[in-house]
């Protein structure tokens, strides 16, 4: 299975341990994994102009780093969103990367999606999880799982083993 991991963190350390554990487990299971650091890319929010669905033939009128990740959205069998929680939601960079998929409607081949969330506090995940579940429902992609980690848990051996086992079982 070809898995695209979209890292919404502008700072590597926020989600790095979770992503590394996921990649390790997925690769051990024989999956092909590619990580895209959308948190460090320049991806503007959707303009809602409709160009992509009228004149653009599925291409966005904006020319930015979305073009670097669009092949992954089109070719991946599974999409993984990994983001720190910034004030109850995923990062703005991740939000833009998700919303701009509007130009193609939904990932073309993806049958599964997962969500990895990192935070400094417990109990701050509800909005991001609701958005993920709504996204999965709208696109018809199976929500394969959500893993959250807060504080010291982000780098704890138990949590990283949980993430690795989840990825291995896909």
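Every read-out reported here was derived from the displayed coordinates using simple, explicitly stated rules and does not represent laboratory data. Keep in mind it's a predicted model, so treat the numbers as computed, not measured. With ideal geometry, Cβ positions are generated from the backbone for all residues, glycine too; neighbour counts draw on all protein chains shown.
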Between the alpha-carbon centers of the stretch 88-106 and the stretch 151-167, tell me the distance in whole angstrom.
25
How many percent of all Cα-Cα pairs in the stretch 1-140 sit more than 22 Å apart?
36
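Rounded to the nearest 500, what is the 222 nm mean residue ellipticity of the chain from helices alone, with -39500 (n - 2.57) per DSSP H run of 4+ residues and division by all residues? Mind showing how you got there, number by number?
Numbers: 5 runs with 57 residues, N = 170.
So the helix-based figure for the chain works out to -10500 deg cm²/dmol.
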Ordered by fewest other Cβ atoms within 10 Å, a rough proxy for footprinting exposure, 115, 170, 18 read 170, 115, 18
The stretch 25-86 - Rg and Dmax from Cα coordinates, angstrom
14.4, 43
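Treat the count of other C-beta atoms within 10 Å as a stand-in for reagent exposure and order 88, 132, 6 from fewest to most. Each step should come with its number before you reach the end.
Working: 88 13, 132 21, 6 26.
Ranking 88, 132, 6 by Cβ neighbours within 10 Å, fewest first, gives 88, 132, 6.
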